[in-house]
1. So for 186, 144, fewest C-beta neighbours within 10 Å to most, what's the order?
2. So what is the relative contact order of region 146-209, in percent, for Cα pairs below 8 Å that sit 6 or more residues apart?
3. Between residue 135 and residue 91, what's the calculated FRET efficiency when r is the beta-carbon distance and R0 is 35 Å? Round to 0.05.
4. Grab the beta carbon distance between residue 83 and residue 114, set R0 = 41 Å, and tell me the FRET efficiency rounded to 0.05.
5. How many angstrom lie between the Cα centre of region 97-151 and the Cα centre of region 154-209?
6. What FRET efficiency, computed as 1/(1 + (r/R0)^6) with R0 = 30 Å and r the Cβ-Cβ distance, is obtained for residue 122 and residue 192, rounded to the nearest 0.05?
């Protein structure tokens, strides 16, 4: 028959109680740690998602605004281009119309001169009438910027203003100068639109070389 030591039994009970308390403390600590761990906040996640959607919506709205501005700018430029082309065409027609009206007056004077020439007995009066018509005609050309190129005998030959149709061996004028104007030249606002046809002098000594 076994005899238990009361003191040993008591110590055993105390050890068991102590172990239980330690186990309970560990379990309690584990629960406390879990309680202290940061949990994911659903409201914060929802706010972040909403902010992303809001930023995306703002970008789309800004994109639409910029596209609308671009389309408006393109439409305004197209209208400006058409309006400018139309204005230029109207100005061109206006200038042509005024020019034609000026020349119509010369035509009227030509008709009067022809009627007078049929019954005129004095040739000088016919010549004077033609000279007046020529001056009137050229004054209209000058009104629109046309000028006759000055080209005198013995003036230097200028390839930008003159066109040499022939060379003439002569010692009367210096070499490479104008001898005779075969057809006058004209410039429009300092731009040569038709060079003067001229005969150019060539020194006999140069021709022999």
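A short reminder: the numbers here are calculations on the coordinates, not readings from a lab. Only a predicted model underlies this, so the values are computations on that prediction, with no experimental measurement involved. Cβ: placed from backbone, ideal geometry, glycine included. Neighbour counts: every protein chain shown.
1. Listed from fewest to most nearby Cβ atoms, that is 144, 186.
2. Reported relative contact order: 41 percent.
3. The pair residue 135/residue 91 has a calculated efficiency of 0.75.
4. Using R0 = 41 Å, I get an efficiency of 0.30.
5. 29 Å
6. Values: r = 40 Å, r/R0 = 1.35.
Efficiency at R0 = 30 Å is approximately 0.15.
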